[in-house]
Structure formats: C-alpha cells, structure tokens
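Novice: What follows is a single structure, and I will ask about it in a moment.
The values are calculated or read from the model by the stated rules, or taken from the named source; none is laboratory data. No experiment lies behind these values; they were computed from the predicted model shown. Neighbour counts are summed over all protein chains in view; Cβ atoms, including those assigned to glycine, are modelled from backbone coordinates with ideal geometry.
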Amino acid sequence: MSGTDWLILVAVVLLFLFSVFLAVAETAFVRMNRIRAITLAEEGKKGAARLAEMLERPEQTLNAILLFVLVSQLTSASLLGILLDGQFGGLGVAIGLVLQIVVFFVIGEVAPKTYAVQHTDRAALLASPFLHAITWFKPLHFLSRGLIGLANVLLPGRGLKQGPFVTEEDLRTMADVAADEQAIEREERKLIHSIFEFGDAVVREVMKPRPDMVAIEADATVEEGIERAIGGGFSRIPAYEETTDNIVGLVYLKDLVGRARAGGGKEPVRASLRTAVFVPETKRLAELLRDMQSRKFHMAIVVDEHGGTAGLVTLEDLLEEIVGEIVDEYDVEEPGVVRLPDGTVRVPGNLSIDDLSEELGTELPDEEWDTVGGLVLNLMGHVPEPREKVRFQGFEFTTERVQGRRIASVRIKRLAVPPKEAEEADATQSS
C-alpha cells in the first residue's frame, strides 16, 4: 500500500468513528424531550441548558445531524471503494460493499443506537456541545436550509414549515402503550386522557342546569337562606330577584349564620350578598379554571347567548372532569350506567354523550347536544312520554323515566340489524 492508500484508510476509519458518534447523538437527541432537559438543567447537569434550548426548535439540530450523517457515510463508502478497487480490483469492491454493510449496520448503527436508548441522558449530555455547535454554525445552517428548501419544492404542500411535531393523538397513544406495558398505572392513563378532554370541554358540558340549581330569593329572610343552603348541602347559593334569570349575587352560608347569631335572622339575605361572576356557556374549562385560581372564586353563574341563566358551575365541577366524581357526605349518589340482564343499558338522562359513546363503543354526535336526554329529546322532536322509543345509529333508545319536561332515565338496546338497515331506521320512532 502506498502512502496515499494509508491516508485513505485512516480517513475511512475516522469517518466511521464519526458516524458512530453521530448515531449516538441522533438517537439520544430524538429520545430526549425538552421537559427532561429542563429537569437535568435544574439538577446542574452540564450541557442540559443547551439541550433545552435546542429542543425548542429540534428540526434545526436534526437537519444538521442528518446532513453530517449523509456526508460521512457517503464519503467513507466512496473512499473505501477507491482503496479496495486499487488493491483487489472488482472483487475488492464487492468484498468492501459486503464488509461495509455488515460493519456499518452492527457497529455503526445497531450498537451505538442501542447504547443511546439505554443511556439517553448521558449520551445526550455528552453530545450537546457538538450538537450546539453544528446547530448554530451559520454556513452549515444556511446549507441545510437551502437543501431542505430544494426538497420542499418537490414535496406536495411544500413540506413541513414548522418541522417535526407531536400531536395530541400521539400523546394519548403513548399513554395507552405505557399502560399496556405497565410503565404507568391504569388510573394514570385515565387521568392523562381526562386532561386532554378537559382542555377541549366547555362550561355547558359540566354545569349544573338551571332546573337543578338551589337558589334563594334575595328578599327571603336569613333564616330561610340558612335552611335552603343546609337542605341542599351547599356552602354558597345564588340569590335572585323574581326569577332565576335575574341572579343578583351569591350568599355564603357562613355569612348568613354569622348574621343570624348577631340577631339578624329576620333580615333579607340581600344584605349578605356577595358579587357573582358570570361566564358564557361556551367558555372553555381550562380558561375558567385559570380565572378561578387568579381571581379566587369557587362558583360562577352560566349565562346563555340570550343573557338568561343557563346554570351554575363550581370549582368542584371542574376538578371532577379531571379526577372523576368527588362524593362528599352531602351528595346523593345517583345510579350511573347499569347493564341489565336482558342486554340493554340503563343510563341517566344527564349522562354526557362522550361517556355514553365510550360505554357503547361507538361515536355519537355531540355538536348539538351534550347529554343523553338532549340527544333523545332532539331525535324525538317533542317532550316524550315514558316508554317512547327512537332508533339512531343502530341503537334503540327508550325513555324509561320522564320528570316534567326532562328525560331522567333512558334504556338503550343495540339493534341486531345490518348497518345499512340501521341507518335507514335512524330517527324513526314509535310508542
């Protein structure tokens, strides 16, 4: 071998070792997330702050890594081919090709990437200075952006302008897989899903509707107010003038008790009113929760688009959307979903459409109505009598109990008919 051949061999070995390092860096960076990097930085780990900074725009770093990987592997393959062709001719090129595939796959790809998976934190911190340098090296940055721009010209939709991203569905799937692999508990998985659903929900879906509100007339006496609050098991109730469409404030049980002990039991509760907070029924729960935390209130009156009272919502209602039902000694537990021996399902009329869809394993529409009672009422087009039936999406809904104009209980039966026949039978009713 000549001196030039030895230089080529050294270059191939160095490029191979560089490729091994790049494989470790790429895998560790992809597996690292910004929250973990921030945690490592708070622990004082060297290089973690740089990782957190790069993970704000991970596509910039990944583009630079991939460019280096491509250049390194292509250059080493070309140089190795030139070296072996000069030494052994065409046979040498064939041997070099097989050797390079085996060596690069086992030592240059599998081994370093496995190490990065097993030791993500250590590998990412080790590679962070190099990654930071290539990310912010201007000539390389412009070169990679130019090449990506050229690629986007050929891609439908001009590629991804914001780079890689993780969707809500990806995170939900990760939670499901983690629960299946027992990395997290089932309750933790359920909590993660509840948080996503909480972010999408609006006040109308969780409020206590106006007919269920416990309220007191503003001119009622303090003693009557105490009796009404204790009877309902509430520490605060709304006060109204004439009708509950005109809420004038909230009264706190502790204020009424204090006034009664001072001899004011016959005074009107109007003297003890506190300011009520009013929110639209379309307000998102996450936004309302932030308002309750910052403005320090626990109850809000929900108004509809016409300004009338739609219901009320409490801090407990919001928390229950995340952690599930919170039952105290004053709550009267109502029966939830009950599966009957004949295969039908009995559900309360105020059960949410989302919960019913999950229970039935289907997807019922919830754009126009939020509860089972609302769904059945809209399908029938009138206030039903008990035992009226309506078919919809392959199910038969039977009103079991009707209280006034409200559907209190519904029985649901899955129809044993082909899907096409079920669609034709949708929204037909009989008594």
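Novice: Quick check on this structure: which one of GLU205, GLU224, GLU197 is touching a residue at least 12 places away in the same chain (Cβ under 8 Å) and farther than 27 Å from GLU321 by Cα?
Specialist: Among GLU205, GLU224, GLU197, only GLU224 is touching a residue at least 12 places away in the same chain (Cβ under 8 Å) and farther than 27 Å from GLU321 by Cα.
Each row is one residue, and each column tells you yes or no for (1) among the charged types (D, E, K, R); (2) closer than 28 Å to GLY349 by Cβ; (3) not assigned by TED's automatic domain parsing to the domain that holds LEU351.
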site	(1), (2), (3)
LEU191	no, yes, yes
SER194	no, yes, yes
ALA220	no, no, yes
GLU223	yes, no, yes
ILE230	no, yes, yes
PHE234	no, yes, yes
GLY249	no, no, yes
ARG261	yes, no, yes
PHE278	no, yes, yes
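Novice: Hey, another quick one. Do you know which of the residues in the range 222-270 that are touching a helix residue (DSSP H, G or I) at 6+ places or on another chain (Cβ under 7 Å) and part of a strand (DSSP E or B) is nearest to ASP304 (Cα to Cα)?
Specialist: Filtering first and then ranking leaves THR244.
Novice: Regarding ALA416, is this residue surrounded by fewer than 19 Cβ atoms within 10 Å (Cβ to Cβ), closer than 30 Å to ASP200 by Cβ, of a type outside the set (Phe, Trp, Tyr) and modelled with pLDDT under 85?
Specialist: On the way: surrounded by fewer than 19 Cβ atoms within 10 Å (Cβ to Cβ): yes; closer than 30 Å to ASP200 by Cβ: no; of a type outside the set (Phe, Trp, Tyr): yes; modelled with pLDDT under 85: yes.
For ALA416, the condition - surrounded by fewer than 19 Cβ atoms within 10 Å (Cβ to Cβ), closer than 30 Å to ASP200 by Cβ, of a type outside the set (Phe, Trp, Tyr) and modelled with pLDDT under 85 - is not met.
Novice: Among the strands (runs of 3 or more DSSP E) contained in the range 372-421, which hold 2 or more residues that are touching a residue at least 60 places away in the same chain (Cβ under 8 Å)?
Specialist: 406-414
Novice: Continuing with this model, one more query. For the range 270-286, name all the residues that are among the hydroxyl-bearing types (Ser, Thr, Tyr) and touching a residue at least 40 places away in the same chain (Cβ under 8 Å). Spell out how you get there, then give the answer.
Specialist: The initial filter retains those residues of the range 270-286 that are among the hydroxyl-bearing types (Ser, Thr, Tyr), namely 272, 275, 282.
Once the filter is applied, which keeps residues that are among the hydroxyl-bearing types (Ser, Thr, Tyr) and touching a residue at least 40 places away in the same chain (Cβ under 8 Å), the range 270-286 yields SER272, THR282.
Novice: How do the pairs read when you match residues in the range 111-124 that are assigned by TED's automatic domain parsing to the domain that holds LEU22 with residues anywhere that are hydrophobic (A, V, I, L, M, F, W, C) and not in a helix (DSSP H, G or I), using Cβ under 9 Å and keeping only pairs 6 or more apart or on different chains?
Specialist: As it stands, the answer is THR120/MET32; ASP121/MET32; ALA123/MET32; ALA124/MET32, since those pairs meet every condition given.
Novice: Do we find that GLU42 is surrounded by fewer than 18 Cβ atoms within 10 Å (Cβ to Cβ) and modelled with pLDDT under 80 in this structure? Step through it out loud before you land on a result.
Specialist: Working: surrounded by fewer than 18 Cβ atoms within 10 Å (Cβ to Cβ): yes; modelled with pLDDT under 80: no.
Spelling it out, it is not the case that GLU42 is surrounded by fewer than 18 Cβ atoms within 10 Å (Cβ to Cβ) and modelled with pLDDT under 80.
Yes or no, residue by residue, for (1) farther than 27 Å from LEU84 by Cβ; (2) surrounded by 19 or more Cβ atoms within 10 Å (Cβ to Cβ); (3) assigned by TED's automatic domain parsing to the domain that holds LEU67; (4) within 34 Å of the chain's Cα centre (by Cα):
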{"residue": "VAL12", "(1), (2), (3), (4)": "no, yes, yes, no"}
{"residue": "ALA23", "(1), (2), (3), (4)": "no, yes, yes, yes"}
{"residue": "PHE29", "(1), (2), (3), (4)": "yes, yes, yes, yes"}
{"residue": "ARG36", "(1), (2), (3), (4)": "yes, no, yes, yes"}
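Novice: Of these, ARG145, ARG204, ARG172, which one is assigned to a helix (DSSP H, G or I), of a type outside the set (Ser, Thr, Tyr) and at pLDDT 80 or above?
Specialist: ARG204
Novice: Next up: Scan the range 104-126 for residues that are under 17 Å from SER72 (Cα atoms), surrounded by 14 or more Cβ atoms within 10 Å (Cβ to Cβ) and of a type outside the set (D, E, K, R) and jot them down.
Specialist: PHE104, ILE107, GLY108, PRO112
Novice: Would you pick out the residues in the range 60-97 that are more than 18 Å from ASP5 (Cβ to Cβ), exposed (fewer than 15 other Cβ atoms within 10 Å of the Cβ) and at pLDDT below 80?
Specialist: ALA94, LEU97
Novice: Tell me, which residue of the range 336-372 that is out of contact with any helix residue (DSSP H, G or I) (no Cβ under 7 Å at 6 or more places or on another chain), of a type in the set (Gly, Ala, Ser) and under 23 Å from SER194 (Cβ atoms) is surrounded by the most Cβ atoms within 10 Å (Cβ to Cβ)?
Specialist: Filtering the range 336-372 for residues that are out of contact with any helix residue (DSSP H, G or I) (no Cβ under 7 Å at 6 or more places or on another chain), of a type in the set (Gly, Ala, Ser) and under 23 Å from SER194 (Cβ atoms), the one surrounded by the most Cβ atoms within 10 Å (Cβ to Cβ) comes out as SER357.
Novice: Among (1) more than 24 Å from ASP200 (Cα to Cα); (2) modelled with pLDDT of 85 or more; (3) in contact with a Lys or Arg (Cβ under 8 Å, 6 or more places away or on another chain), there is one condition MET380 misses while meeting the rest; what is its number?
Specialist: (3)
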